1. Among the residues of the stretch 173-184, is there at least one that is in a helix (DSSP H, G or I) and under 30 Å from ALA91 (Cβ atoms)?
2. Of the residues that sit in the stretch 105-150 and are at pLDDT below 80 and not in a helix (DSSP H, G or I), which one is surrounded by the most Cβ atoms within 10 Å (Cβ to Cβ)?
3. Output the qualifying pairs, or none if there are none: Cβ atoms under 9 angstrom, residues six or more apart or on different chains, first residue in the stretch 167-196 and over 14 Å from VAL46 (Cα atoms), second residue of a type in the set (Phe, Trp, Tyr) and modelled with pLDDT under 85.
4. May I ask you to list the residues in the stretch 175-196 that are crowded, with 19+ Cβ neighbours inside 10 Å and over 17 Å from GLY38 (Cα atoms)?
5. What are the residues in the stretch 210-225 that are crowded, with 18+ Cβ neighbours inside 10 Å and either β-branched (Val, Ile, Thr) or farther than 14 Å from ILE8 by Cα (or both), if any?
6. Of the conditions (1) within 18 Å of the chain's Cα centre (by Cα); (2) at pLDDT 85 or above; (3) not acidic (Asp, Glu), ALA59 satisfies every one except a single condition; which number is it?
7. On the basis of being outside any helix (DSSP H, G or I), of a type in the set (A, V, I, L, M, F, W, C) and surrounded by 16 or more Cβ atoms within 10 Å (Cβ to Cβ), does LEU160 make the cut?
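The values are calculated or read from the model by the stated rules, or taken from the named source; none is laboratory data. Computed from a predicted structure; not experimentally measured. As a convention, Cβ positions derive from the backbone with ideal geometry for all residues, glycine included, and neighbour counts pool all protein chains shown.
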Amino acid sequence: MGEAIGNILPLAVAISLSPFPIVGVVLMLASPRARANGLAFLAGWVAGLVVVGTIVVLAAGGAGASDDGEPETWVSILKLLLGAGLVLLAAGQWRKRPRGDAEPPLPKWMQTTDSFKAGKALTLGFALAAVNPKNLLLIVAAGASIAQAGLAGGDQAVVLAVFVAIATLGPGLPVVIYFTAGRRAQDILGDLKGWLAHNNTVIMAVLLLVIGAKLIGDGIAGLSA
């Protein structure tokens, strides 16, 4: 189980450090329904990771991701493809990076968060966790890694829980700051939002490139074993 956790750790960290979900929850915490919206967003985020992660683990396990504890060839091929996809996304992010002091364009939903209610915040959290293409590729890679480890069902659930917990640290941090920092919370969160929004594309380009290269390396290693 330790090896499986080690394999999913960088994937979970990459999801956790995705800037836009962190900016999203900060905006929820600046809305008129801050408490309800912030917690609903976080609940949707966790639900998205759990639902998609569980589906991938079950599907990969049913397809025979592991043969007596050894990964099947198709899992290594899948990792190669996922890694290549992440590298392509990294290149796209790098091309879109802001130049100089230029402010990057933000998604339209970020301009409407003041009107959000808890249900919409929950839906947004779920979508950013599970439907966002970058996160989806990372969750699929993590689910395949868990399935190929040849673990019992209970151990798979534990590894998936660790994955979800680590992947939630980034969006969860602003919520912790909001409830613990008192009057200073909005200033701290405002500075965090501004920095992340400006550096989003560069951060994601580096993360996706590193994780993509790791998956490609794992795939090559698996095929040559």
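1. At the first step, the residues of the stretch 173-184 found to be in a helix (DSSP H, G or I) are 173-180, 182-184.
Now restrict to residues that are under 30 Å from ALA91 (Cβ atoms): 173-174.
Yes.
2. It comes out as ALA149.
3. LEU196/PHE20
4. Correct list: LEU196 only.
5. If the condition is that a residue be crowded, with 18+ Cβ neighbours inside 10 Å and either β-branched (Val, Ile, Thr) or farther than 14 Å from ILE8 by Cα (or both), then ILE211, ILE216, GLY219, GLY222 are the ones that fit.
6. (1)
7. Working: outside any helix (DSSP H, G or I): no; of a type in the set (A, V, I, L, M, F, W, C): yes; surrounded by 16 or more Cβ atoms within 10 Å (Cβ to Cβ): yes.
It is false that LEU160 is outside any helix (DSSP H, G or I), of a type in the set (A, V, I, L, M, F, W, C) and surrounded by 16 or more Cβ atoms within 10 Å (Cβ to Cβ).
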